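Engineer: Let me begin by handing over the structure; questions about it come next.
The values are calculated or read from the model by the stated rules, or taken from the named source; none is laboratory data. All of these numbers come straight from a predicted model, not from anything done at the bench. Positions of Cβ are backbone-derived with ideal geometry, glycine not excepted, and every protein chain shown enters the neighbour counts.
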Amino acid sequence: MSEKHLVYLSLGSNVKPRTEYLAAAIDLLKKSAGKVLKKSAFYETGSWGFVSETPFVNNVVLLETTLNATDLLKKTQEIERLLGREKKGKPYTSRKIDIDILYYDDSVINNGILTVPHALLQKRKFVLVPLAEIAPDTVHPVLKKSSLQMLDECDDNSLINKL
C-alpha cells in the first residue's frame, strides 16, 4: 500500500470564467492526484506582482495523495497545461490557472525544481486567508508559525473579498 501524504495547494485564476477554471482544476486533481479532503471558499483579490484589470479568484485545498512531491508538481503543471495555461517569460502574468504546492506533509524541500513550503506563502494574503480558513493551526515547518499567526503578521494590505 502506498504512503499517503497531506498537501496544501493554492489555486488561482484571473482569466474569465475564473471560478470555472478553479473548479475544473479541483476536479482534475480529484481524478489524477488524490482525494480532496477540504477546500476553502473562493476569494477575490487584486493581482500580486503585476497590474491586471481582472482580479484573481483564489482558494486553497487540502489534498491526500500517494504521489511524491516531484510527481505532484508534474501533475499540477500538467493540469495547468490541460486548462490552457501558457508559460510566459515573466513570472507574474494573467493566467487561466495557477497551482502552487504550499505544504507537502511537514517536508522542507529545496531541490532546484521545487521549494516547499512555498517560499512566499507567508507574504501573500491571498494565500493566507484561504489557508487559515481550512488550516488555522497548521504550522509552517520552517517559520514555526501557524497559518493564523502568519496571517496576523502579514504586511500584505491587499483587499480580499469572499465570494
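Engineer: What number goes with the only condition from (1) free of Cβ contacts under 8 Å to residues at least 60 places away in the same chain; (2) of a type outside the set (S, T, N, Q); (3) in contact with a Phe, Trp or Tyr (Cβ under 8 Å, 6 or more places away or on another chain) that residue 124 does not pass?
Structural biologist: If we test residue 124 against (1) free of Cβ contacts under 8 Å to residues at least 60 places away in the same chain; (2) of a type outside the set (S, T, N, Q); (3) in contact with a Phe, Trp or Tyr (Cβ under 8 Å, 6 or more places away or on another chain), just (1) comes out false.
Engineer: Same structure, new question: Hey, residue 79 hits all of (1) under 17 Å from residue 121 (Cα atoms); (2) under 14 Å from the mean Cα position of the chain (by Cα) but one; which does it fall short on?
Structural biologist: Going through (1) under 17 Å from residue 121 (Cα atoms); (2) under 14 Å from the mean Cα position of the chain (by Cα) one by one, residue 79 breaks only (1).
Engineer: Of all residues in the stretch 40-56 being aromatic (Phe, Trp, Tyr) and modelled with pLDDT of 95 or more, which is surrounded by the fewest Cβ atoms within 10 Å (Cβ to Cβ)?
Structural biologist: The residue in question is 42.
Engineer: For residue 37, all conditions in the list (1) touching a strand residue (DSSP E or B) at 6+ places or on another chain (Cβ under 8 Å); (2) surrounded by 14 or more Cβ atoms within 10 Å (Cβ to Cβ); (3) not aromatic (Phe, Trp, Tyr) hold save one; what is the number of the exception?
Structural biologist: (2)
Engineer: If you check 63, 28, 22, which single one turns out to be of a type in the set (A, V, I, L, M), surrounded by 18 or more Cβ atoms within 10 Å (Cβ to Cβ) and within 16 Å of residue 118 (Cα to Cα)?
Structural biologist: Every option except 63 fails the conditions.
Engineer: Could you give every pair whose Cβ atoms fall below 9 Å, whose first residue belongs to the stretch 8-37 and is more than 22 Å from residue 69 (Cβ to Cβ) and in a strand (DSSP E or B), and whose second residue is among the polar types (S, T, N, Q) and modelled with pLDDT of 95 or more, counting only separations of at least 6 or pairs across chains?
Structural biologist: Filtered contacts from the stretch 8-37: 13/19; 13/58.
Engineer: If the requirement is being at pLDDT 95 or above, surrounded by fewer than 21 Cβ atoms within 10 Å (Cβ to Cβ) and in contact with a Ser or Thr (Cβ under 7 Å, 6 or more places away or on another chain), which of these qualifies: 139, 127, 116?
Structural biologist: One residue alone meets the criteria, 139.
Engineer: Can you run down the residue pairs with Cβ atoms below 8 Å, 6 or more apart or on separate chains, where the first is in the stretch 145-163 and within 10 Å of residue 44 (Cβ to Cβ) and the partner is surrounded by fewer than 17 Cβ atoms within 10 Å (Cβ to Cβ)?
Structural biologist: 159/46; 162/41; 163/19; 163/41
Engineer: Restricted to the stretch 142-163, and to residues that are under 17 Å from the mean Cα position of the chain (by Cα) and part of a helix (DSSP H, G or I), which residue is surrounded by the most Cβ atoms within 10 Å (Cβ to Cβ)?
Structural biologist: Residue satisfying both the conditions and the ranking: 147.
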